[in-house]
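Note sheet for the following structure.
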Amino acid sequence: DSVVDLGIILEYQFDERDQLVTPFGSIELSDVVIFGGRFALNDEQSTELLLGLGVETDNDAQFLSIEGSRRIGDDMKLSVEGRVFTGIDADRPDQTLFFPLRNDDFIQITFEKFY
């Protein structure tokens, strides 16, 4: 009966292999821990926010994720989505599974009108 919902996310991803062999070379595999939360206001505008942080356990590679949205009136919606990757050594392509994403940081703001 609350006006707010809060969900907590905790995920542990592991692979028993030490390395992943690809046509482009081997990548050291590391376990990944993901923490996050979902916040919803339970309002007429359906306001929601989802935050996440992923961390590789064997190195400093991390990613931060944010997604949010809110309806405006009966026919519009404002959304934001973003990802940031940090701690990835550009000189070590074999260091992390996140290496191919090292330059893929972005933020996207979308305004939608429904007819």
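The values are calculated or read from the model by the stated rules, or taken from the named source; none is laboratory data. If you're wondering where the values come from, they're calculated on a predicted model, not measured in any experiment. Heads up, the Cβs are rebuilt from the backbone with ideal geometry, glycines too, and the neighbour counts pull from every protein chain shown. Ligands, DNA and RNA are stripped out before the accessible areas are found, and what is left, the full protein with its side chains, is counted by its heavy atoms. Shrake-Rupley method; radii C 1.70, N 1.55, O 1.52, S 1.80 Å.
Within region 72-83, being surrounded by 14 or more Cβ atoms within 10 Å (Cβ to Cβ) and of a type outside the set (S, T, N, Q) holds for K77, L78, V80, E81, G82, R83. The residue pairs whose first member lies in region 73-97 and is within 24 Å of T57 (Cβ to Cβ) and assigned to a loop (DSSP other than H, G, I, E, B), whose second member is modelled with pLDDT under 85 and among the hydroxyl-bearing types (S, T, Y), and whose beta carbons are closer than 9 Å, counting only pairs six or more residues apart or on different chains, are G87/T96; I88/T96; D89/T96; D94/S26; Q95/S30; T96/S30; L97/S30.
Got at least one residue in region 14-34 being open to solvent by 40 Å² or more (accessible area, probe 1.4 Å) and modelled with pLDDT of 95 or more? No, region 14-34 has no match at all. The residue that is farthest from L53 (Cα to Cα), among those in region 98-115 that are assigned to a strand (DSSP E or B) and open to solvent by less than 70 Å² (accessible area, probe 1.4 Å), is E112. Restricting the first member to region 23-36 and to residues that are under 16 Å from I88 (Cβ atoms), and the second to residues that are among the hydroxyl-bearing types (S, T, Y), the beta-carbon pairs closer than 6 Å and six or more apart or on different chains are S30/T57. Checking each residue in region 43-76 for being of a type in the set (S, T, N, Q), within 30 Å of F99 (Cα to Cα) and either at pLDDT 95 or above or out of contact with any strand residue (DSSP E or B) (no Cβ under 7 Å at 6 or more places or on another chain) (or both) picks out N59, S65, S69.
When region 35-47 is filtered for residues that are open to solvent by 60 Å² or more (accessible area, probe 1.4 Å) and either among the acidic types (D, E) or at positive phi (or both), the ones remaining, listed by number, are N42, E44.
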